[in-house]
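Accompanying notes for the structure given below.
FYI, it's all coordinate maths here, none of it is from the lab. Note that the structure is predicted; figures quoted are calculated from it, not measured. Reconstructed Cβ throughout: ideal geometry from the backbone, glycine too, with neighbour counts over all protein chains shown.
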Number of protein chains: 2
Amino acid sequence: MLQNPENCAVVRTVGYIGNKWKPIILVRLLNGGKVRFGKLCVQMADISRKILSQQLKELEEDGLIIRHTYMEKPPRVEYELSELGKTLIPVLKAMYDWGNHIAPPEQRGTWDPIVR
Amino acid sequence: MLQNPENCAVVRTVGYIGNKWKPIILVRLLNGGKVRFGKLCVQMADISRKILSQQLKELEEDGLIIRHTYMEKPPRVEYELSELGKTLIPVLKAMYDWGNHIAPPEQRGTWDPIVR
DNA sequence: AATAGTGGTAACCTATTGGTAACTAACAAA
DNA sequence: TTTGTTAGTTACCAATAGGTTACCACTATT
């Protein structure tokens, strides 16, 4: 609660998604079903493969996403929001709305994810 | 918008508050008016004075908080949410709610800031 | 035979974050 | 006279985050 800073719920949330990449990765997974590693890589041009796979691993360990591996050659790996991950949607939406709110009008977008 | 990752509103938001300390500092400023540096320091036991003053400076540069200095000895400095900072309340509340939602029941709190 | 495609990992490097201790100025209290 | 007080800053160092490049395994294609 607000009166007990050392045990604040915001601290807990920050522990899960309080860094540069995780909210952005999660938003990429809102647009429906499973997304391949390579597609994420292309969509997020600024992130390196190493950091992306590292962040995906942490998100999976934290139970926010699910990793599907297919025993094919060349390999195929897909990522998907977990049920717990979906509970973050209000947080991601609030972040999206605020970013939109402070953006110059010509850079504004709309929130229309497929996952609800 | 979700279709233009390189220009996503979430990226913008993360640029302002996507780190370990800023959301936590901002939440400390929701409980009404101006708060002294020393009080913030005590409330957030885990942050060092150096990092706290650094983060406060960035928040001020980004226009999210206002810094009031009084020409007294010993010095007095107080921090306050700006109007722009107050527009972040829905984001902070969503983060708070999610952290609360995943917390064990005995660690849950209530959201009752004085600033609205 | 060489190349492309996939989802990584390893080695290496830089940049940012964070921590500690010492120092400042000016006044008040002991 | 010494100490305490406040909100820092500076110097120095360690730890973490993030980035770059190269490489792998295996198959299909050229």
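Quick notes
Let's see how each residue does on (1) hydroxyl-bearing (Ser, Thr, Tyr); (2) away from DNA strand D (no atom under 15 Å from the Cβ):
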site: A:13; (1), (2): yes, yes
site: A:16; (1), (2): yes, no
site: A:27; (1), (2): no, yes
site: A:30; (1), (2): no, yes
site: A:42; (1), (2): no, no
site: A:51; (1), (2): no, no
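- Selection of the range A:20-39 for residues being within 10 Å of DNA strand C (Cβ to nearest atom) and under 11 Å from the mean Cα position of the chain (by Cα) yields only A:20.
- Those helices (runs of 4 or more DSSP H) lying entirely in the range A:1-94 with at least 3 residues loosely packed, with under 13 Cβ neighbours inside 10 Å: A:49-61
- For residue B:76: the one exception among (1) out of contact with any Asp or Glu (no Cβ under 9 Å at 6 or more places or on another chain); (2) more than 13 Å from DNA strand C (Cβ to nearest atom); (3) of a type in the set (Lys, Arg): (2)
- Among (1) away from DNA strand D (no atom under 16 Å from the Cβ); (2) without any contact (Cβ under 8 Å) to a residue 12 or more places away in the chain - the single one residue A:73 does not satisfy: (1)
- Options B:16, B:70: the member that is more than 10 Å from every other protein chain (Cβ to nearest Cβ), aromatic (Phe, Trp, Tyr) and more than 9 Å from DNA strand C (Cβ to nearest atom): B:70
- Contacts under 7 angstrom Cβ, first residue in the range A:25-38 being in contact (Cβ under 8 Å) with a residue 12 or more places away in the chain, partner among the acidic types (Asp, Glu) and away from DNA strand D (no atom under 16 Å from the Cβ), 6 or more apart: A:29/A:80; A:33/A:80; A:34/A:78; A:34/A:80; A:35/A:78; A:36/A:78
- Candidates A:111, A:98 - the one that is more than 12 Å from the chain's Cα centre (by Cα), of a type in the set (Phe, Trp, Tyr) and in a loop (DSSP other than H, G, I, E, B): A:111
- Condition met for residue A:82 (hydroxyl-bearing (Ser, Thr, Tyr), within 10 Å of DNA strand C (Cβ to nearest atom), more than 10 Å from chain B (Cβ to nearest Cβ) and over 19 Å from residue B:13 (Cα atoms)): no
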